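Peer 1: One structure is given below, represented as structure tokens, and several questions about it will come after.
The values are calculated or read from the model by the stated rules, or taken from the named source; none is laboratory data. Since the model is a prediction, treat every value here as computed from it, not as a measurement. With ideal geometry, Cβ positions are generated from the backbone for all residues, glycine too; neighbour counts draw on all protein chains shown. Heavy atoms of the whole protein, side chains included, go into the accessibility calculation; ligands, DNA and RNA do not. Shrake-Rupley method; radii C 1.70, N 1.55, O 1.52, S 1.80 Å.
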Amino acid sequence: MSLKDLCPVLQFADLGDERGKLVVIEGNQAIPFEIKRVFYIYESDSTVVRGQHANRESEFVLINVAGSSKVRITDGREEFVVKLNRPMMGVYIPNMIWKDMYDFSDDSVLLVLASTHYDGSEYIRNYDEYLKEVNS
Ligand code: TYD
């Protein structure tokens, strides 16, 4: 399976009407896991690179609910970039995939849905170590 198939861009249904837009994301329905954690990143600017890690356990969905950012996704062999710039789109990132988030617009609010509670010990923050683990 290619990296893009492993990390699909998701389009969420718009339940909006004349009163405005509404996007609903239910665990194991619109995304392939139960949501255990939600966090969001804002006031990162265009010079900042965040992420820079892989997770042994956690799966994520990233959504720019406002503004835009880019996510560089790699498995150590292939790489692709997703521009997140609509509240109705997201990207799914399974475990053991390396990601960098960057190019945040001033108004960027990057919402992250996660399949796990936070556990710092499941993060791989060194790229060489990541390559060793994925290639072993
Ligand atoms: P970090 O992993 O560097 O954030 P990002 O990947 O979004 O750039 O996290 C920054 C700090 O926040 C770090 O000390 C760990 C802490 N943190 C939590 O306590 N819980 C969480 O769910 C997350 C994502 C981070």
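Peer 1: Of the residues Gly27, Gly16, which is over 22 Å from Tyr118 (Cα atoms) and more than 16 Å from the ligand (Cβ to nearest atom)?
Peer 2: Gly16
Peer 1: To continue, here is another question. Can you tell me which residues in the stretch 68-86 are out of contact with any Leu (no Cβ under 9 Å at 6 or more places or on another chain) and away from the ligand (no atom under 16 Å from the Cβ)?
Peer 2: At the first step, the residues of the stretch 68-86 found to be out of contact with any Leu (no Cβ under 9 Å at 6 or more places or on another chain) are 72, 81, 83, 85-86.
The answer is Val81, Lys83, Asn85, Arg86.
Peer 1: List, please: which pairs have Cβ atoms under 9 Å, are six or more places apart or on different chains, and start with a residue in the stretch 115-136 that is outside any loop (DSSP other than H, G, I, E, B) and end with one that is loosely packed, with under 10 Cβ neighbours inside 10 Å?
Peer 2: As it stands, the answer is Val134/Arg77, since those pairs meet every condition given.
Peer 1: Continuing with this model, one more query. For the subset of the stretch 40-67 comprising residues that are open to solvent by 20 Å² or more (accessible area, probe 1.4 Å) and away from the ligand (no atom under 13 Å from the Cβ), which member is nearest to Lys4 (Cα to Cα)?
Peer 2: My answer is Glu59.
Peer 1: Then there's this: Which condition breaks for Val61 when tested against (1) touching a Gly at 6+ places or on another chain (Cβ under 6 Å); (2) at pLDDT below 95?
Peer 2: (2)
Peer 1: Quick one: which of Arg86, Arg72, Arg125, Arg37 is within 28 Å of Ala13 (Cα to Cα), touching a His at 6+ places or on another chain (Cβ under 7 Å) and open to solvent by 20 Å² or more (accessible area, probe 1.4 Å)?
Peer 2: Step by step, each of Arg86, Arg72, Arg125, Arg37 is checked, and only Arg37 is within 28 Å of Ala13 (Cα to Cα), touching a His at 6+ places or on another chain (Cβ under 7 Å) and open to solvent by 20 Å² or more (accessible area, probe 1.4 Å).
Peer 1: Return yes when Ser136 is more than 24 Å from Asp14 (Cα to Cα) and modelled with pLDDT under 95 and no when it is not.
Peer 2: Spelling it out, Ser136 is indeed more than 24 Å from Asp14 (Cα to Cα) and modelled with pLDDT under 95.
Peer 1: Could you grab me the full set of residues in the stretch 89-114 that are more than 15 Å from the ligand (Cβ to nearest atom), in a loop (DSSP other than H, G, I, E, B) and open to solvent by less than 20 Å² (accessible area, probe 1.4 Å)?
Peer 2: Result: Pro94, single match.
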